[in-house]
1. At 20 °C and 1.002 mPa s, what whole-number value in µm²/s does Stokes-Einstein give for the translational diffusion of the chain, with Rh from the Kirkwood sum over Cα pairs?
2. Under 8 Å for C-alpha pairs, at least 6 residues apart: give me the relative contact order for the chain, rounded to a whole percent.
3. How long are the three semi-axes of the equivalent ellipsoid for the stretch 150-206, computed from the Cα gyration tensor as the root of 5 times each eigenvalue, in whole Å, largest first?
4. Which angle between 0 and 90 degrees, to the nearest 10, do you get for helix 173-185 versus the longest principal axis of the chain when only C-alpha atoms count?
5. Among 93, 205, which comes first, then next, by fewest other beta-carbon atoms within 10 Å?
6. Under the classification rounded if a/c is under 1.5, otherwise prolate if a/b is larger than b/c and oblate if not, where does the stretch 78-140 fall, given a ≥ b ≥ c as square roots of the Cα gyration tensor eigenvalues?
7. How would you classify the stretch 2-53 from its alpha-carbon gyration tensor, with a ≥ b ≥ c the square roots of the eigenvalues: rounded for a/c under 1.5, else prolate if a/b is greater than b/c, otherwise oblate?
8. Could you tell me the relative contact order of the stretch 78-140? Use alpha-carbon pairs under 8 Å, at least six residues apart, and round to a whole percent.
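Values in this text are rule-based calculations from the coordinates and carry no lab data. These numbers were taken from a predicted model, which means no experiment stands behind them. Here the Cβ positions follow ideal geometry from the backbone for every residue, glycine too, while neighbour counts run over all protein chains shown.
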């Protein structure tokens, strides 16, 4: 079993795929019980977290030596779920074009602005276009950190349209202003520091 330290952009799905393992087996391994309890979700880890990667095991299949045999590699695709809004209004019933690590795919948003596409578990980035809009959005996959970190707070605020100016894990005045704008929009009393109520509301609004 090998110990792997999480780097920015890593998640359990990408690390497992690159190691030739199923992420479910890694996540449920008793050696990672403390991490699973702390982080709750395999796609939202913190740089510096340590994951124990089980060793690969060899398998054997009987077959006739004089015949040809076809083998299929099983894998678990990841799901990229998006909810698109402009000024709080859902971008509903719109065609969406995505280019995931250079591979194009399409989807369509539902009335609530949501869409979902299957992607490789080790995909690194996606480029997004909505309808006939010429603008392009770059999505960095695997970079979201836990809600109890400042960078996780900043990223969720940014994704919801409350710009903290930087996602640098530094709780400064710009992050505070973005957080307070979110709190005001939700009818909450603005605070100087993020409290449990704010983090819970932000996580719920963001979806993860």
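1. In µm²/s, the coefficient rounds to 111.
2. 16 percent
3. They are 15, 12, 10 Å, listed largest first.
4. Taking the Cα atoms of the chain, the angle to 173-185 is about 80 degrees.
5. Result, fewest neighbours first: 93, 205.
6. Verdict is prolate for the stretch 78-140.
7. Verdict is rounded for the stretch 2-53.
8. 34 percent
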